[in-house]
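Chemist: Dumping the structure here so I can ask a few things about it.
The values are calculated or read from the model by the stated rules, or taken from the named source; none is laboratory data. Here the structure is a predicted model, which means the values were calculated and not measured. Note that each Cβ is placed from the backbone with ideal geometry, even for glycine, and that neighbours are counted across all protein chains shown. SASA here: full protein model, heavy atoms, side chains in, ligands and nucleic acids out. Shrake-Rupley method; radii C 1.70, N 1.55, O 1.52, S 1.80 Å.
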Amino acid sequence: MKAIAVRREDPEPVVIEKPRPDPDVGEVLVRTLRVGVDGTDHEVIAGGHGGFPAGEDHLVLGHEAVGVVEDPNGTDFAVGDVVVPTVRRPPNGTNAYFERGEPDMAPEGAYHERGIVGAHGYMSEYFTSPAEYLVRIPDHQTPLGFLVEPISITEKALELAYASRSSFEWDPESALVLGNGALGLLTLAMLDRVYDRVYCLGRRDRPDPTIEIMDELGATYVDSRRTPVDGVSEAFEPMDFVFEATGYAPHAVQSIHALAPNGVVALLGVPGPTEYEFDVGAMHGEMVLHNKAMVGSVNSHVRHFEAATDTLDALPEWLLDDLVTGIYPVDDFRNAFVDDNTVIKTAVEFSAYEER
Ligand code: NAP
Ligand code: BGC
Ligand code: ZN
């Protein structure tokens, strides 16, 4: 079967041939339909994040998959079920995080991430997965099922951030998303359903397809070249919630100053080493004197995937149409990895879905 992989000696992803996998006991064989591409994939390809499976010369890419069950192999799934796989797997035998259904809370070293670190991903014509890591989705979500994983990332981050505000009466009205990539825009659309006023920060000139989505949502565009994150309170308003999805490390510390009293920041980006001079006293004081919080959030698990399928149904159709800028067959996969200002979200299609 065909797979899309990066090899140790070659920074560009290529199509390789691999044997079709055989499901072990408790595993399901899935025919891959579509696999999305995100900022993390670009970081993995660039060698800035993730790592190869032990002893292997390549890593099959892809962690945002949707597929159809080909062989349920004695599990509770049926042939033709549409499924989305979670990302983390136990590294070498199980551990307490996986046993209690919280692999997303495991520390580094206590997990592999398929397509990212230590385990092959889903960009192949077939993949196998233990049944417990597959989430069934309704048939009508099949074409956009690859968005369930990224939406689940935000579901988890919101859960962690809101938990930190659960001990008192918190009635948030304003939210700021940092970053106009696919994660930022999906999150903006999710927050737009709940907040009175939403803002999104980028660094581009109009006309731009991401700013058009902000306009259509009724969100306010914040240009970071004119208004730095720590100037947002003054230029616009203090934010009850900030969601960082730029991966630009200074935003983490600047965002404390964008918050209203009692507000919370969720950090999602995975930056490399970054030196940045800032007033640590002012940040410390702000957090204490205004009961502010900052949480980091990574990965997601079955509960978040299930919430994400509900969210996918609730998001406006026009938004999803505008967000997904290209679906490419394997032979044309390079287009799915183009990263310029015309591209928002892409996916590689491995096989077409035939409705039951
Ligand atoms: P992406 O497509 O690379 O989006 C990042 C966006 O941030 C881009 O649109 C970029 O603008 C913008 N940006 C970067 N620096 C900026 C700055 N200084 N000022 C204004 N805008 C800036 O990535 P993504 O897939 O949406 O993901 C966003 C981040 O979340 C990435 O760092 C990714 O690794 C991380 N992530 C984390 C998790 C998790 O579980 N924690 C899950 C998924 C993704 P331009 O395009 O104009 O450069
Ligand atoms: C994936 C997560 C993963 C994170 C860190 C994200 O792009 O969606 O599942 O935990 O990267 O590797
Ligand atoms: Zn991702």
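Chemist: Against the conditions (1) within 18 Å of E149 (Cβ to Cβ); (2) open to solvent by 60 Å² or more (accessible area, probe 1.4 Å); (3) within 16 Å of ligand 3 (Cβ to nearest atom), where does A347 fall short? Just the number, please.
Modeler: (2)
Chemist: Another question, if that's okay. Residue check: is P53 surrounded by 14 or more Cβ atoms within 10 Å (Cβ to Cβ), in contact with a helix residue (DSSP H, G or I) (Cβ under 8 Å, 6 or more places away or on another chain) and either of a type in the set (F, W, Y) or touching a residue at least 12 places away in the same chain (Cβ under 8 Å) (or both)? Steps first, please.
Modeler: On the way: surrounded by 14 or more Cβ atoms within 10 Å (Cβ to Cβ): yes; in contact with a helix residue (DSSP H, G or I) (Cβ under 8 Å, 6 or more places away or on another chain): no; either of a type in the set (F, W, Y) or touching a residue at least 12 places away in the same chain (Cβ under 8 Å) (or both): yes.
Here the answer is no, as P53 does not meet what is asked.
Chemist: Could you count how many residues in the range 62-89 are without any contact (Cβ under 8 Å) to a residue 40 or more places away in the chain and either charged (D, E, K, R) or touching a helix residue (DSSP H, G or I) at 6+ places or on another chain (Cβ under 8 Å) (or both)?
Modeler: To start, the set of residues in the range 62-89 that are without any contact (Cβ under 8 Å) to a residue 40 or more places away in the chain comprises 78-79.
Retained after the next criterion (residues that are either charged (D, E, K, R) or touching a helix residue (DSSP H, G or I) at 6+ places or on another chain (Cβ under 8 Å) (or both)): none.
Qualifying residue count, the range 62-89: 0.
Chemist: Look at E56 and say whether it is out of contact with any strand residue (DSSP E or B) (no Cβ under 8 Å at 6 or more places or on another chain) and within 16 Å of ligand 3 (Cβ to nearest atom). Give the derivation first.
Modeler: Details: out of contact with any strand residue (DSSP E or B) (no Cβ under 8 Å at 6 or more places or on another chain): yes; within 16 Å of ligand 3 (Cβ to nearest atom): no.
Taking the combined requirement at face value, the residue does not satisfy it.
Chemist: Using beta carbons and a limit of 7 Å, which pairs, at least six apart or on different chains, have the first residue in the range 230-253 and over 15 Å from K292 (Cβ atoms) and open to solvent by 10 Å² or more (accessible area, probe 1.4 Å) and the second one part of a loop (DSSP other than H, G, I, E, B) and small (G, A, S)?
Modeler: Correct list of pairs: A245/G179; A245/G181; A245/G269; T246/G179; T246/G269; G247/G269; Y248/G269.
Chemist: Counting only residues that are in a strand (DSSP E or B) and more than 28 Å from A352 (Cβ to Cβ), which one in the range 8-54 is modelled with the highest pLDDT? Let's see the steps before the verdict.
Modeler: Step one: filter the range 8-54 for residues in a strand (DSSP E or B), giving 10-17, 27-37, 51.
Filter once more, so that each one left must be more than 28 Å from A352 (Cβ to Cβ): 10-11, 51.
Values: D10: 88, P11: 83, G51: 96.
Filtering first and then ranking leaves G51.
Chemist: Then there's this: Within 16 Å of ligand 2 (Cβ to nearest atom), surrounded by fewer than 18 Cβ atoms within 10 Å (Cβ to Cβ), under 19 Å from the mean Cα position of the chain (by Cα) and in a helix (DSSP H, G or I), is that true of E159? Please lay out each step first, then the result.
Modeler: Values: within 16 Å of ligand 2 (Cβ to nearest atom): yes; surrounded by fewer than 18 Cβ atoms within 10 Å (Cβ to Cβ): yes; under 19 Å from the mean Cα position of the chain (by Cα): yes; in a helix (DSSP H, G or I): yes.
Yes: the conditions hold for E159.
Chemist: Confirm whether T311 is of a type in the set (V, I, T), surrounded by fewer than 13 Cβ atoms within 10 Å (Cβ to Cβ) and either within 16 Å of ligand 2 (Cβ to nearest atom) or farther than 22 Å from R136 by Cα (or both). I'd like the intermediate steps shown before the answer.
Modeler: Values: of a type in the set (V, I, T): yes; surrounded by fewer than 13 Cβ atoms within 10 Å (Cβ to Cβ): no; either within 16 Å of ligand 2 (Cβ to nearest atom) or farther than 22 Å from R136 by Cα (or both): yes.
Against the criterion (of a type in the set (V, I, T), surrounded by fewer than 13 Cβ atoms within 10 Å (Cβ to Cβ) and either within 16 Å of ligand 2 (Cβ to nearest atom) or farther than 22 Å from R136 by Cα (or both)), T311 does not qualify.
Chemist: Can you find, within the range 96-130, the residue that is least open to solvent (accessible area, probe 1.4 Å) among those that are among the aromatic types (F, W, Y) and over 30 Å from E354 (Cβ atoms)?
Modeler: Applying the first criterion (among the aromatic types (F, W, Y)) to the range 96-130 yields 97-98, 111, 122, 126-127.
Those left that are additionally over 30 Å from E354 (Cβ atoms): 97-98, 111.
Working: Y97: 67, F98: 19, Y111: 35 Å².
The qualifying residue least open to solvent (accessible area, probe 1.4 Å) is F98.
Chemist: Considering every residue within the range 62-72, establish whether at least one is over 20 Å from V148 (Cβ atoms), β-branched (V, I, T) and either away from ligand 1 (no atom under 16 Å from the Cβ) or open to solvent by less than 60 Å² (accessible area, probe 1.4 Å) (or both).
Modeler: Scanning the range 62-72, I find no residue that is over 20 Å from V148 (Cβ atoms), β-branched (V, I, T) and either away from ligand 1 (no atom under 16 Å from the Cβ) or open to solvent by less than 60 Å² (accessible area, probe 1.4 Å) (or both), so the answer is no.
Chemist: Given the range 219-268, what strands (runs of 3 or more DSSP E) lie entirely inside it while holding 3 or more residues that are at pLDDT 95 or above and within 17 Å of L183 (Cβ to Cβ)? Write out each step before concluding.
Modeler: Values: elements: 220-223, 239-244, 259-267.
Once the strands (runs of 3 or more DSSP E) in the range 219-268 are filtered for at least 3 residues that are at pLDDT 95 or above and within 17 Å of L183 (Cβ to Cβ), what remains is 239-244, 259-267.
Chemist: Please return the ranges of helices (runs of 4 or more DSSP H) entirely within the range 270-356 where 1 or more residues are more than 16 Å from ligand 1 (Cβ to nearest atom) and in contact with a strand residue (DSSP E or B) (Cβ under 7 Å, 6 or more places away or on another chain). Explain how you work it out, then say what you get.
Modeler: Numbers: elements: 280-289, 302-314, 317-323.
Counting at least 1 such residues, we get 302-314.
Chemist: Here's a follow-up. Which of the residues spanning the range 133-174 are touching a helix residue (DSSP H, G or I) at 6+ places or on another chain (Cβ under 8 Å), over 28 Å from V198 (Cα atoms) and away from ligand 3 (no atom under 16 Å from the Cβ)?
Modeler: I137, P138
Chemist: Still on this structure, I have one more. Evaluate the following for Y133: is it closer than 22 Å to Y97 by Cβ, in contact (Cβ under 8 Å) with a residue 24 or more places away in the chain and surrounded by 19 or more Cβ atoms within 10 Å (Cβ to Cβ)?
Modeler: Working: closer than 22 Å to Y97 by Cβ: yes; in contact (Cβ under 8 Å) with a residue 24 or more places away in the chain: yes; surrounded by 19 or more Cβ atoms within 10 Å (Cβ to Cβ): yes.
Spelling it out, Y133 is indeed closer than 22 Å to Y97 by Cβ, in contact (Cβ under 8 Å) with a residue 24 or more places away in the chain and surrounded by 19 or more Cβ atoms within 10 Å (Cβ to Cβ).
Chemist: Contact list please: Cβ distance under 6 Å, first residue in the range 192-204 and assigned to a loop (DSSP other than H, G, I, E, B), second residue surrounded by fewer than 23 Cβ atoms within 10 Å (Cβ to Cβ), pairs at least six apart or on different chains.
Modeler: That search, which allows pairs on different chains as well, returns D196/E173; R203/S224; R203/R225.
Chemist: So, in the range 1-41, exactly how many residues are hydrophobic (A, V, I, L, M, F, W, C) and either open to solvent by 40 Å² or more (accessible area, probe 1.4 Å) or more than 28 Å from A245 (Cβ to Cβ) (or both)? Give the derivation first.
Modeler: Just the residues of the range 1-41 that are hydrophobic (A, V, I, L, M, F, W, C), to begin with: 1, 3-6, 14-16, 25, 28-30, 33, 35, 37.
Checking which are either open to solvent by 40 Å² or more (accessible area, probe 1.4 Å) or more than 28 Å from A245 (Cβ to Cβ) (or both) leaves us with 1, 3, 14-16, 25, 28-30.
Summing the residues that are hydrophobic (A, V, I, L, M, F, W, C) and either open to solvent by 40 Å² or more (accessible area, probe 1.4 Å) or more than 28 Å from A245 (Cβ to Cβ) (or both) in the range 1-41 gives 9.
Chemist: Identify, by number, the condition in (1) under 24 Å from V338 (Cα atoms); (2) open to solvent by 50 Å² or more (accessible area, probe 1.4 Å) that V44 doesn't meet.
Modeler: (2)
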